[in-house]
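A short write-up of the structure that comes next.
What follows draws every value from the coordinates through simple rules; no lab data is involved. Since this is a predicted model, take the numbers as computed values, not measurements. Neighbour counts run over all protein chains shown; Cβ positions are idealised from the backbone, glycine included.
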Amino acid sequence: MTLTFSTGPLAAEPAGRVNYRIEGPAHRLLFDEFPRRVRAMFGAEVVLDTQDGKLLHETAYLPQLYVPDSDVRAELLTPTDHRTHCPFKGDASYWSVQVGDRTAENAVWAYPTPHEDASWLRGYQAVYFGAMDAWFDEDEEVVGHLRDPYHRVDVRDSSRHVRVLVGGQVVAETDRPKILSETGLPNRYYLPPEDVHRGLLEPSATHTVCPYKGTASYHTLRTSGGRVTNAAWSYPQPLDNALKVAGHLCFHGADIEVGVDGESVA
């Protein structure tokens, strides 16, 4: 997200306070090294194993891993008739992955004859993350998708006064929040559960996965004015960079007002 979303240099509207100009297309591509070994599994087979992967950073898209042809198990691939066209990269060909009686249709793609401006894609293949059963960054299984080396998450203790209101009703208030700063996103304020009014939250069935923070569990808020679904979330077992927000609650939504030191925040 760092480079391709928000105000990053490869975003559609990059930040303007700079002492340089980027001259080129509005849709930008950057092919950059990924620094670690990556493997992908389908069934009991390793489909790709690379120490020479590259991330394609592309305006408005999450980074996509591309690996040399030689690092993908060609004997597991079957070419298909599926084709797609990208105005910035060229025409893509596809392959299905076959392991035993299981098939991942059109799971692998490549640009055999990419546009001149993206000629460095020749000789590389990409695999849909969700088509595989498991991915490993070195020996750690990947949550969500590969982490972008340009993306950061930092958590800091704070004494700012944070108050959460719904329909004018105060539902949480604290002077000891954790402030989570994440590249390209506004600060989020995580409150200790003891500072949320008791009895207002109930577990939701919703869960989301963030490759930088972990698996989030959501909560529905019950107030005098009704229910607000998925009004808050927490990370019961966050990943390393977000350990300090473990069990804390973050509120966000159209019906929720979060005030910090008396001023509303997005």
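Quick one: Karplus J couplings for the range 74-89, per residue in order, coefficients 6.51, -1.76, 1.60, θ = phi - 60°, nearest Hz, x for Gly and Pro?
Rounded to whole hertz, the list is 4, 5, 9, 9, 10, x, 10, 8, 5, 9, 9, 10, 10, x, 9, 10.
Starting with the fewest neighbours, write out 66, 212, 61, 20 ranked by other beta-carbon atoms found within 10 Å of each beta-carbon.
Result, fewest neighbours first: 20, 61, 212, 66.
Would you mind calculating the gained length between residue 88 and residue 224 on full extension (0.36 nm times residue separation, minus the Cα-Cα distance), in nm to one decimal?
Between residue 88 and residue 224, full extension yields an extra 43.7 nm.
Run the numbers for residue 46 and residue 101: contour at 0.36 nm per residue of separation, minus the present Cα-Cα distance, in nm.
18.2 nm
Over the range 157-266, what relative contact order in percent results from Cα pairs under 8 Å that are six or more residues apart?
26
Please work out whether the range 29-141 counts as rounded, prolate or oblate from its C-alpha gyration tensor, where a ≥ b ≥ c are the square roots of the eigenvalues and a/c under 1.5 means rounded, while otherwise a/b larger than b/c means prolate and anything else oblate? The partial results should precede the final answer.
Numbers: a/c = 1.92, a/b = 1.22, b/c = 1.56.
Oblate.
Calculated from the structure, P(r) over Cα pairs in 10 Å bins from 0, in percent equals which of (1) 6, 24, 26, 22, 16, 6, 0; (2) 6, 27, 38, 22, 6, 1, 0; (3) 6, 27, 34, 22, 9, 1, 0?
Recomputing P(r) over Cα pairs in 10 Å bins from 0, in percent here gives the entry labelled (1).
At what distance in angstrom do the alpha carbon centres of the range 1-57 and the range 103-122 lie from each other?
Measuring centre to centre over Cα atoms gives 16 Å.
If neighbour count is taken as other Cβ atoms inside 10 Å, put 73, 163 in order from fewest to most.
Placing the least packed residue first, the sequence is 73, 163.
For the chain, what is the relative contact order in percent, using Cα pairs closer than 8 Å and at least 6 residues apart in sequence?
Computed value for the chain: 13 percent relative contact order.
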